[in-house]
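Asker: What follows is a structure written as structure tokens; I'll ask about it next.
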Amino acid sequence: MLALALGTALAVPLLAAAPAPTAGPHTVTPLRFTVQAGGRTCVVDADLYRPAGVDPDHPAPAVLATNGFGGSKSERATAEIGKVFAARGYVGLVYSGLGFGRSGCLISLDDPRVDGAAASRLVDFLAGTRAADDGTKADFVTQDGEGDPRVGMIGGSYGGAVQLATASADHRVDALVPLTTWNDLAYSVAPNNATGARAVPGAFKWQWTNGFYLIGEGQPLLAPSLDPSRFNSRRCLHFVSRACEMFRTLNSGSYPADRTKEFLAYTRSVSPVSYLRTVKAPTLLIQGQADTLFNLGEATATYRTLTAQGTETKLIWQSWGHSGGLTGPASGELDLAKGNLESSYAGRRILAWFDRHLRHRRIDTGPAFAYHRDWVTDPGRAYATATQVPALTETLYLSGDGTLVDSRKRVAPGSRSYTNWPTPTSHSENSLAGLVGFPDPAPYDTQSTYLAWTTGPLTAPMDVVGEPRVTLRVSSPEAERAQGSGNAADKLVLFAKLYDVAPDGTQTLVRRLVAPVRVPDVTKPFTVSLPGIVHRYEAGHRLRFVIAGSDDAYVGNRGVKRVTISSTPEDTGVLRLPVVH
């Protein structure tokens, strides 16, 4: 990891807010485009937002956007993009992604060969080289050359990955702002946080994944009178066949070698991790701290890849994600549905990004890395900045007596064990609780099914910013015998996580995040990368590291396995933390 360099006093003057424009007059024109994508003919349903006064003699750059999974061009957050950018003099083209709203074709998970190709045809429209189905042409978009419109893309989640998919093949796209999206879908749906274990799927994130599967399959209820191209006669109704196989593999609970190979090949083929090398458009990545679907590590991986290859890239860790967090004008955080760009830090960064890369204004686009601190109550000072993502700076050792100590000399020799049950005994979250209004109990672990190590009370606040790592050695005869079966599902699964323990003993699972691990080989030490966090441990609080045998938001171990962890001063688990001073 790279070293952290803090901004002055950790206070961010954060780009002076541009004066809010009046709700500039603009027209909204519904359009349809018939495109070829992935060997299919698809109809794309779109709305064109054209500011008053923009014409062939007075062209303007364009902003292209689409919806999150299950949404459409009409959902508030997506439609608001067209409105707010039209009010700022940009031409907006907002469309329903393939398989959603009134757009045709199957859901293909932002496949660059399908969803990216469809978006590229919309770029053709903005270039003036093709017309909408009704003959409408866009001869009023700023051009950088013949057939090359000046266009940026913005959107969140499913509407985030499609930007990278489009820009990977269509280098006419000039700027990207992907929010809360994925880097590697194989990791997103079956995360394995053991470093260097990309060939082995982790624990199936069954709640999130099946929730999206049901949303996709339930499209006839959400959008009656579907285009016939929206139906798949094989395996499932509304997804492409390889996506159907992905869901089947995950829900089977079995990972034989041939099926595992196909699962990994497909999920990575529709993931930025496989095509980022061809993304050249300047990219402002925004990811949410409260996100158990696509955690901070996903955007960080994309950021590091793009930066290493020379693509202009900056990264913001905002508060909100798929799992909640602060949002809206009162908190000073961005809310696309409310269009509060000028009054939010991320919003001002977005405006500056597009002004720089679409209007070619000489404007500061902000620091390389910024992160929201929820313990700072003044919205104007809530973001801190750095030149790089924080490095691992502090080391703690797992003592045999259940304490976390700062020196090997203080490690007490000892061994402790836990055994997983056939059913989950630990709870981190109900992944979709916030979306459907269900209550979500506080996280818990059941006695004898986990191990914990805890520091003493802190004498001063400790700010952890980044991805902690822990190196472990475990013993499990049952797991050692099972891992030779040839089926990855038989390997040992465990769940690592960090709690904040208050002086009264109340413990909080930071952002409800856990690190599922399918251990590559229980006979060897392994390293676990925990999800990134931005969290202050207050003075008097204690940090607790936990390894659990299960989690009810995931599909874990096949069979009961006893796990023992031993400690001596010379050989013990090591927890490293990215602490900002």
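Every number here is computed from the coordinates shown, using simple stated rules; none is lab data. This is a predicted model, so every value here is computed, not measured. Positions of Cβ are generated from backbone atoms using ideal geometry, with glycine treated the same way; all protein chains shown enter the neighbour counts.
Asker: Let's test this: bin the Cα-Cα distances of segment 253-321 at 5 Å from zero up to the farthest pair and state each bin's percent.
Answerer: 3, 16, 21, 18, 17, 13, 8, 5, 0
Asker: To continue, here is another question. Rank by packing, highest mean first: peptides 488-495, 462-469, 158-165, with packing defined as the count of other Cβ atoms within 10 Å averaged across residues.
Answerer: 158-165, 488-495, 462-469
Asker: Turning to a different aspect of this structure: Against the globular-protein guess of 2.2 N^0.38 Å, express the Cα radius of gyration of segment 278-393 as a ratio, rounded to two decimals.
Answerer: On the way: Rg = 14.0 Å, N = 116, 2.2 N^0.38 = 13.4 Å.
Here the Cα radius of gyration is 1.05 times the empirical estimate.
Asker: Under 26 Å from the Cα of Lys491, which lysines turn up, not counting those fewer than eight places away in the same chain?
Answerer: Lys205, Lys261, Lys524, Lys561
Asker: Given the convex hull of the Cα atoms of segment 334-375, what is a quarter of its surface area in nm²?
Answerer: Projected over every direction and averaged, the Cα hull of segment 334-375 covers 3.6 nm².
Asker: About the Cα centre, and with charges only on the beta carbon of Lys, Arg (+1) and Asp, Glu (-1), how big is the dipole of the chain? Nearest 20 debye, please.
Answerer: For the chain, the charge dipole is close to 880 debye.
Asker: Rank-order 503-511, 78-86, 385-393, 319-327 by packing density, defined as the average count of other C-beta atoms within 10 Å over each peptide's residues, highest first.
Answerer: 78-86, 319-327, 385-393, 503-511
Asker: Another question about this same structure. Relative contact order of segment 394-580, please, whole-number percent, based on alpha carbon pairs below 8 angstrom and at least 6 residues apart. Let's see the in-between values first.
Answerer: Values: 475 pairs, mean separation 72.3, N = 187.
Taking the mean separation of contacting Cα pairs over the length of segment 394-580, I get 39 percent.
Asker: Now for a different question. Just how far, in whole angstrom, is segment 403-453 from segment 478-540 if you go by their alpha carbon centroids?
Answerer: 8
Asker: Next question, about the same structure. Over 34 Å apart: what share of the alpha carbon pairs of the chain falls there, rounded to a whole percent? Can you show the working numbers first?
Answerer: Details: 69659 of 168490 pairs.
The share of Cα pairs beyond 34 Å in the chain comes to 41 percent.
Asker: Now a separate question. Sequence-distant or interchain residues sharing an amide H contact under 5 Å with Ser550, placed H: which?
Answerer: So Ser550 has HN proximity to Thr425, Ser426, Phe495.
Asker: Shifting gears a bit: Return the calculated 222 nm mean residue ellipticity for the chain, to the nearest 500 deg cm²/dmol, obtained by summing -39500 (n - 2.57) across DSSP H runs with n ≥ 4 and dividing by the residue count. It would help to have the intermediate numbers written out before the result.
Answerer: Working: 12 runs with 118 residues, N = 581.
Result for the chain: -6000 deg cm²/dmol, rounded to the nearest 500.
Asker: Roughly speaking, what % of Cα-Cα pairs in segment 125-250 are separated by over 20 Å, rounded to a whole number?
Answerer: Cα-Cα pairs in segment 125-250 separated by more than 20 Å: 64 percent.
Asker: When DSSP beta bridges are limited to those with both residues in the chain, what percentage is antiparallel, rounded to the nearest 5?
Answerer: On the way: 78 of 108 bridges.
That works out to approximately 70 percent antiparallel.
Asker: Taking square-rooted eigenvalues a ≥ b ≥ c of the alpha carbon gyration tensor, is segment 359-505 rounded, prolate or oblate, where a/c under 1.5 means rounded and, failing that, a/b exceeding b/c means prolate?
Answerer: Since a/c reaches 1.5 and a/b is larger than b/c, the shape of segment 359-505 is classed as prolate.
Asker: Moving to a separate point now. Just report the Cα centroid separation between segment 250-300 and segment 59-76, whole Å.
Answerer: Each part's Cα centre sits 23 Å from the other's.
Asker: Which whole-number percent of Cα pairs in segment 394-580 have a distance greater than 30 Å? Present the calculation step by step, with values, prior to reporting the outcome.
Answerer: Working: 2978 of 17391 pairs.
So the portion of pairs separated by more than 30 Å is 17 percent.
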